[in-house]
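One structure is given below, encoded as structure tokens.
The values are calculated or read from the model by the stated rules, or taken from the named source; none is laboratory data. Every value quoted in this text rests on a predicted model; they were computed, and no experiment measured them. Please note: Cβ atoms are built from the backbone with ideal geometry, for glycine as well, and neighbour counts cover all protein chains shown.
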Amino acid sequence: MLLCGEMSSPHPHILVAGGGAAGFFAAIAAAESLRGHGKVTLCEATAHPLAKVKISGGGRCNVTHACFDPRELAKRYPRGSRELLGAFHRFGPTETVDWFSKRAVELKTENDGRMFPITDDSATIVHALMRAASTAGVVVRTQCGLASCVVRADSAATESAGRRFEVALTNGDSCEVDRLILATGGVKASGVPLAETLGHTLEPPVPSLFTFHIDDPRLRELSGLSVPDVVTRVPAAELREQGPLLITHWGLSGPAVLKVSAWGARALAACGYRFTLAVNFAPPHTLDTARTILFAARGRTPRRQVSGAPALPIPARLWERLVAAAGIGEAVTWTQASNDALAALAGQIVDAEFAVTRKSTNKEEFVTCGGVRLSEVDFRTMESRRCPGLFFAGEVLDVDGITGGFNFQAAWTTGWLAGRAAASGGPPVRSA
């Protein structure tokens, strides 16, 4: 049964596989570019399109990041930085903000640069995308994924002319389309093996944003406690990041951990997620400056108990644990603390070591690296260099960013480029 349209139509039929952020953005861009002179069908394998958008950012949806310089923005991507630079000049955060604003969605910028809808509700973004798709004429089909795809070309076919994609769908239907956009996500998504069958090389997928599982007495019963600014290091992999830290019931999370996990995705996978994490709870202090402050505190408040008098801006409950880890008893006063004990405490503050035994995930951490090799894709159009008429968008590519809205921005950018190019047959210009 031909589900997707009339083969005899003189206008192109574009099939977008994947109903996530990149897929919807690609479908909308394609349909708006066609202006009714063609058809765009979006197929989502599950019953719930935009499911990840809905749960992202704790249900608030971190749409993008207020980093409007393409060169600075590209530096936030452990994989894809060089390739995305030109793409961000065509469609970056400025264009993203404007796109949503024109569709009655205003964004706000938080202190750390993350941008959210002013409603603080991801449903605002979901509804905007659904409305835009409907208005543009996108046909959305759920519970209808891609099962297989074969390229058909007549004997005179050159480039994409005369080439069509024969697609089998998971609901048993089949169709032929002129252009295919794969935006199915990463790791276990159907688009990844399909890309391989269409001639592409795949970089092995591994998790890119994940938290660290640590069983350590210094962290027990501190779940939910946060430290506004720390430095995290993985010496064995030469990784170093800075930002907020969150203590969880399974270990450590927060931007200072997630950024390390992104930049070290492959190195940490290679060591089986067993490594030593060093944490400085009071940057920019060093061992020397921390010791100086602790010795000064001993002279200033000699009779106070060390465990109850934080000398550095560290949460009181965490301070108590670090004092205990330094071998200083709960009742020990500052004047009773020896030089060696205070030196040990300085070490706990600025160079605490934790044994990571495995990675952990939570509902927001589903980014991976790996996917279609970037050298095989033209980032001006997101079209395959191996299979004309095939385009890519989103996480199906070996592109991933650090936490903070950067992965959504890559989805909007690659989706917009792929959709416009699939509709026009050429490189899109900068967004109007």
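Within the stretch 265-288, the set of residues being in contact (Cβ under 8 Å) with a residue 60 or more places away in the chain, of a type outside the set (Phe, Trp, Tyr) and not in a loop (DSSP other than H, G, I, E, B) comprises ALA265, ARG266, LEU268, ALA269, THR276, LEU277, ALA278, VAL279, ASN280, LEU287. Of the residues making up the stretch 253-264, none is surrounded by 18 or more Cβ atoms within 10 Å (Cβ to Cβ), in a helix (DSSP H, G or I) and over 22 Å from the mean Cα position of the chain (by Cα). If the condition is being among the polar types (S, T, N, Q), farther than 23 Å from VAL230 by Cα and touching a residue at least 12 places away in the same chain (Cβ under 8 Å), then the stretch 337-363 contributes only ASN339.
Taking the criterion of being assigned to a loop (DSSP other than H, G, I, E, B), more than 30 Å from the chain's Cα centre (by Cα) and either of a type in the set (S, T, N, Q) or under 18 Å from ARG131 (Cα atoms) (or both), the residues of the stretch 34-52 that qualify are ARG35, GLY36. Looking only at residues of the stretch 232-248 that are of a type outside the set (Ser, Thr, Tyr) and closer than 15 Å to LEU318 by Cβ, we find that the one that is surrounded by the most Cβ atoms within 10 Å (Cβ to Cβ) is ILE247. Please go through the stretch 209-240 and give me each residue that is in contact (Cβ under 8 Å) with a residue 40 or more places away in the chain and either under 14 Å from LEU268 (Cβ atoms) or in contact with an Asp or Glu (Cβ under 6 Å, 6 or more places away or on another chain) (or both), ordered by number. Correct list: LEU209, PHE210, THR211, PHE212, HIS213, ILE214, THR232, ARG233, VAL234, PRO235, ALA236.
Comparison of ALA123, ALA128, ALA147, ALA133 shows that the only residue that is part of a helix (DSSP H, G or I) and under 23 Å from GLU383 (Cα atoms) is ALA133. Scanning the stretch 380-402 for residues being in contact (Cβ under 8 Å) with a residue 60 or more places away in the chain, buried (at least 24 other Cβ atoms within 10 Å of the Cβ) and at negative phi gives a total of 12. Annotation note: of ARG71, ARG82, ARG103, the sole residue that is in contact with a helix residue (DSSP H, G or I) (Cβ under 6 Å, 6 or more places away or on another chain), assigned by TED's automatic domain parsing to the domain that holds THR413 and either assigned to a helix (DSSP H, G or I) or in contact (Cβ under 8 Å) with a residue 24 or more places away in the chain (or both) is ARG103. For the stretch 228-250, a residue qualifies if it is of a type in the set (Val, Ile, Thr) and under 18 Å from GLN348 (Cα atoms), and the qualifying residues are VAL230, VAL231, THR232, VAL234, ILE247.
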